[in-house]
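Taking it in order: structure first as structure tokens, then the write-up.
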Amino acid sequence: MSNLDELYQSVILEHDRNPRNFRVLEGPHQEAEGYNPLCGDRVKVMVTVADGRIADVAFQGSGCAISKASASLMTEALKGRTVEEAGALFDTFRDRLVGGGETEGRSGGELPTRLRALEGVRSFPMRIKCATLAWHALKEALEKPEG
Ligand code: ZN
């Protein structure tokens, strides 16, 4: 295992132990839940959008280290971005995991450094659903009306 792999693994373990934005959003927000039956991961993503921008985003749930770290890293990466940017980041993230990085040009490229910690998951097809679960829930939440 290279030092880089170890670094990335430590990012995942650290976010699993101390997940960011692991809380319930107060006030009006949009939310959606995801379940990954392959692993038993459950996640609920809550998001507040103001002026087309993600003003706040948080999650709750339980699951493996990868699903939790991915949700945590996602909330960190998305806060303050526009809804369009969030959609583009979702596409890039999914392509990097599922497509092995070969579709870079299409979805516009690079992941923020910390999200690259999850790229290693693409070598483990069974775990890709763990890493993308929170992202699918986010996408669904953004498409739902407030409630
Ligand atoms: Zn999992």
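At 1.306 mPa s and 10 °C, plugging the Kirkwood radius over alpha-carbon pairs of the range 13-138 into Stokes-Einstein gives what diffusion coefficient in µm²/s? If you can, show how the numbers build up before the last one.
Values: Rh = 14.4 Å.
In µm²/s, the coefficient is 110.
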If the chain between E119 and Y35 were fully extended at 0.36 nm per residue, the gain over the current Cα-Cα distance would be 28.1 nm
Expected output is a single nm value to one decimal: the length gained when fully extending between R23 and R81, i.e. 0.36 nm times separation in residues minus the C-alpha distance. What is it? 18.9 nm
What's the magnitude of the charge dipole for the range 1-92 around its Cα centre, counting Lys and Arg as +1 and Asp and Glu as -1 at the beta-carbon? Answer in Debye, nearest 20. 240
Tell me the label-point distance for the pair R42, L13, using the 7 Å Cα-to-Cβ offset, in nm and rounded to one decimal. 2.8
Of the options V49, I66, G99, report the single residue whose Cα projects farthest towards the positive end of the charge dipole of the chain (beta-carbon charges: Lys, Arg +1; Asp, Glu -1). I66
At a 10 angstrom cut-off on C-beta neighbours, averaged per residue, how do the peptides 42-54, 129-141 rank from highest to lowest? 129-141, 42-54
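Here, each number is a calculation from the coordinates, and none is a lab measurement. None of these values were measured; they are calculated from a predicted model. Positions of Cβ are backbone-derived with ideal geometry, glycine not excepted, and every protein chain shown enters the neighbour counts.
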